[in-house]
């Protein structure tokens, strides 16, 4: 897990993946710099997405509204040997702290 404060410092140096549905991503607050890939699609095709969006093997920060799906995604990636963290409190917590 990464705190909102730490994430704010490194957000330009990591790959941020928003694992919410396309509808949630479009309707709810989101990070403009995040790549939106729905949780189930990402899990099924993670190798493809990592090759496409993370050829330099940057640290991956997964995000969603409050941290549930993104936490599952980060755990999945860690189980597969990939450096990943989830944003503590999700986008909601980040925006509450910094907006």
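Things worth noting here:
- Matching residues in segment 44-70 - criterion: being part of a loop (DSSP other than H, G, I, E, B), in contact with a helix residue (DSSP H, G or I) (Cβ under 9 Å, 6 or more places away or on another chain) and either farther than 18 Å from residue 7 by Cβ or without any contact (Cβ under 8 Å) to a residue 24 or more places away in the chain (or both): 57
- Selection of segment 10-27 for residues being part of a loop (DSSP other than H, G, I, E, B) and surrounded by 14 or more Cβ atoms within 10 Å (Cβ to Cβ) yields 11, 14, 19, 20, 21.
- Residue within segment 38-51 that is at pLDDT below 95 and surrounded by 16 or more Cβ atoms within 10 Å (Cβ to Cβ) present: no
- Residue that is surrounded by the most Cβ atoms within 10 Å (Cβ to Cβ) [pool: residues in segment 71-99 that are in a loop (DSSP other than H, G, I, E, B) and touching a residue at least 12 places away in the same chain (Cβ under 8 Å)]: 89
- Any chance residue 68 is closer than 19 Å to residue 91 by Cβ and at pLDDT below 95: yes
- The residues on offer are 31, 39, and the sole one that is in contact with a helix residue (DSSP H, G or I) (Cβ under 6 Å, 6 or more places away or on another chain) and more than 16 Å from residue 1 (Cβ to Cβ) is 39.
- Residue pairs whose Cβ atoms lie under 7 Å apart, sitting 6 or more positions apart in sequence or on different chains, and linking a residue in segment 26-43 that is within 21 Å of residue 97 (Cα to Cα) to a partner that is assigned to a helix (DSSP H, G or I) and modelled with pLDDT of 95 or more, do not occur here.
- Residues being under 14 Å from residue 74 (Cα atoms) and over 15 Å from the mean Cα position of the chain (by Cα) - total across segment 26-43: 0
The values are calculated or read from the model by the stated rules, or taken from the named source; none is laboratory data. These numbers come from a predicted model, not from an experiment. When we count neighbours, we look across all protein chains shown, and the Cβ atoms used for this are built from the backbone with ideal geometry, even at glycine.
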